[in-house]
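The values are calculated or read from the model by the stated rules, or taken from the named source; none is laboratory data. Keep in mind that this is a model prediction, so the values were computed, not measured. Quick reminder, even Gly has a Cβ in these numbers, built from the backbone with ideal geometry, and neighbours come from all protein chains shown. For the accessible areas, the whole protein counts, side chains as well, though only heavy atoms, and no ligand, DNA or RNA atoms are used. Shrake-Rupley method; radii C 1.70, N 1.55, O 1.52, S 1.80 Å.
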Amino acid sequence: MPPYKTLIPIDRSTGTPLYQQITSGFIRSISAGVLGPGLKLPGTRKLAEMLSVHRRTVIAAYEEMESQGWIEVRSSRGCFVNGHLPVVDVHEGAAKAHKDAHFALYGKYENLSDETPYSKGIATQRIDDGYPDVTLAPRKALAKNFSFVMNSGMGVSLMNYTQSYRGDIALRQALCTYLRETRGIAANLDNILITRGSLMAFYLLFQALLKPGDRVIVGVPGFDEGYNTIRVAGGELVPVPVDEEGMDIDAVHAICKSKTIRAVYIIPHHHYPTTVSLSASRRMQLLALAERYNFAIIEDDYDYDFHYASSPILPIASADYAGVVAYVGSLSKIVAPSLRIGFLVAPTNLVDEVSTLSQYLDSFGNTALERAVAMLFEQGEISRHLRKALQVYRERRDHFCQLLQKEMGSIVTFDVPEGGLATWIKFNAKKPVTAIITSAAAAGLQMPGSHFANVENAPINAIRMGFASKKSEDVARVIDILKGCIH
């Protein structure tokens, strides 16, 4: 029997629930190939004794892993590692020896480009494509912290040329703790770079990683603003389909057999725009392919914290034992977009290179604001805010989807999203979404643009509509206007 007590360490000094620690421990062991497909797991009572926890804690962990697809429960036989997961063959010594090989750097800073600004115009009603409700943000606590920072001795220090290009050390330390407890990502201060939002992180990454003509695999439909940072760096986009399980990893494998791939840009959790999540099996396959074909995985995880069903599947970076993943996140959805605080978690050599480039764009950033945000983490304000926001957004999702189904169910199809801040809505072929957007604008409703296409570059008659930032009465007005435009 595997040494479960060693494989699944329990730390009661952290704020992470015990069942989540057990879940994370199992997922790491399965991802690393220590616990192989089809392996029978110990019964809940026996494992509870091994780990010195209550049996209900183990039951909760098993239920969580089953919901995420990592294990399967067979009637009267027990729990087993999902037999459909790929077999992992990773030699730990070799993995460590090649830890940074996937991030061979070119030190190239050319191909900088301006982007055309986008104006949303004026409308009586607006619906976005997945923004948070900034009225819920902990503004008073943030303002109090910022005032304290600026009026204390640290304010003078933080406003001087004495800070790290990587960002405020207190915020990086807070993120180390936060990422470990919520995502199972083990990172230290040297692995984290603070950026002005996630797009800056992607821009810096691809400027550092790509030379003109390097190929980057992307999911289609996808996040075009992120893809533009690849184009600006001279990269060639190689599209693969996204289905109900996320990016098609078999298609990725087929491309790697015939072409040299530099990186895969992926949104595994609540993919933009479709909101689907990459399955556990495909995550493991992608990690294995990255090691086999020596490409980097650029993981965009912008709204991980908002999940309404079971707990979300851990990021790909949490199971990265070979140093192949660069993980990008943001506080824009957690707190407010205008904070412009993103972060990159990556191997030290990559963070070193990217932070060198960062100094020419952002120098020392806004360290006083970063310190005030770090205090929000330390004070527990971020955790309290997320609990409140999650409840509000869940209620708004349910109301939005129920109303949409009731009023427009005959002409649209959609899945109720398990997480995130938006819904992916497909329209009847007889109702072109571009015409609907034009009519809605004339009626006073500003909608997100529809610029999505499939792998063959054919337009998709669908739109992404956010629900989190809209109160119930506003949603009713939006759908009423939309319904009128269609009919």
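Looking at region 381-394, which of its residues are exposed (fewer than 14 other Cβ atoms within 10 Å of the Cβ) and basic (Lys, Arg)? Within region 381-394, ARG384, ARG387, LYS388 meet the criteria. Just one of (1) over 31 Å from the mean Cα position of the chain (by Cα); (2) touching a residue at least 60 places away in the same chain (Cβ under 8 Å) fails for LYS430. It is (2).
Considering only residues that are charged (D, E, K, R) and assigned to a helix (DSSP H, G or I), look in region 3-42 and name the one that is surrounded by the fewest Cβ atoms within 10 Å (Cβ to Cβ). Walk me through it before giving the result.
To start, the set of residues in region 3-42 that are charged (D, E, K, R) comprises 5, 11-12, 28, 40.
Now restrict to residues that are assigned to a helix (DSSP H, G or I): 5, 28.
Numbers: LYS5: 12, ARG28: 19.
Looking at residues that are charged (D, E, K, R) and assigned to a helix (DSSP H, G or I), I get LYS5.
From the list ALA422, ALA476, the lone residue that is at pLDDT 85 or above and open to solvent by 10 Å² or more (accessible area, probe 1.4 Å) is ALA476. When the helices (runs of 4 or more DSSP H) confined to region 276-380 are screened for residues that are of a type in the set (S, T, N, Q) and surrounded by 23 or more Cβ atoms within 10 Å (Cβ to Cβ), those reaching at least 1 such residues are found at 348-358, 367-378. On the stretch given as region 433-457, residues that are outside any helix (DSSP H, G or I), over 16 Å from ASP224 (Cβ atoms) and touching a Ser or Thr at 6+ places or on another chain (Cβ under 9 Å) total 4.
Among the residues of region 427-454, those identified as surrounded by fewer than 16 Cβ atoms within 10 Å (Cβ to Cβ) and not polar (S, T, N, Q) are ALA429, LYS430, LYS431, PRO432, ALA435, ALA441, ALA442, ALA443, GLY444, GLY449, HIS451, ALA453.
Can you go through TYR321, TYR308 and tell me which one is in contact with a helix residue (DSSP H, G or I) (Cβ under 9 Å, 6 or more places away or on another chain) and within 26 Å of GLU225 (Cβ to Cβ)? Criteria check complete, one pass: TYR308. Here the condition is being of a type in the set (A, V, I, L, M, F, W, C) and open to solvent by less than 30 Å² (accessible area, probe 1.4 Å); of PHE414, PHE467, it holds for PHE467 alone.
Table: residues versus (1) under 30 Å from THR438 (Cα atoms); (2) out of contact with any His (no Cβ under 7 Å at 6 or more places or on another chain); (3) at pLDDT below 70; (4) of a type in the set (Val, Ile, Thr).
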{"position": "ARG74", "(1), (2), (3), (4)": "no, yes, no, no"}
{"position": "VAL88", "(1), (2), (3), (4)": "no, yes, yes, yes"}
{"position": "HIS91", "(1), (2), (3), (4)": "no, yes, yes, no"}
{"position": "ILE122", "(1), (2), (3), (4)": "yes, yes, yes, yes"}
{"position": "ILE127", "(1), (2), (3), (4)": "yes, yes, no, yes"}
{"position": "ASN145", "(1), (2), (3), (4)": "no, yes, no, no"}
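Out of all the residues in region 46-73, which are charged (D, E, K, R) and more than 17 Å from SER24 (Cβ to Cβ)?
We begin by selecting, within region 46-73, every residue charged (D, E, K, R); these are 46, 49, 55-56, 63-64, 66, 72.
Scanning region 46-73 gives LYS46, GLU49, ARG55, ARG56, GLU72.
Selection over region 271-300 of residues that are over 19 Å from LEU210 (Cα atoms), charged (D, E, K, R) and without any contact (Cβ under 8 Å) to a residue 40 or more places away in the chain gives a count of 2. Within region 231-272, the set of residues being within 26 Å of ASP305 (Cβ to Cβ) and among the aliphatic types (A, V, I, L, M) comprises VAL242, MET247, ILE249, ALA263, VAL264, ILE266, ILE267.
Of the helices (runs of 4 or more DSSP H) contained entirely in region 168-270, those carrying at least 1 residues that are in contact (Cβ under 8 Å) with a residue 40 or more places away in the chain, of a type in the set (Gly, Ala, Ser) and open to solvent by less than 10 Å² (accessible area, probe 1.4 Å) fall at 198-209, 224-232.
Could you go through region 407-418 and let me know if any residue there is under 30 Å from CYS485 (Cα atoms) and part of a helix (DSSP H, G or I). Reasoning before the result, please.
As a first pass, look at region 407-418 and keep what is under 30 Å from CYS485 (Cα atoms): 407-418.
Retained after the next criterion (residues that are part of a helix (DSSP H, G or I)): 407-408.
Scanning region 407-418 turns up at least one residue that is under 30 Å from CYS485 (Cα atoms) and part of a helix (DSSP H, G or I).
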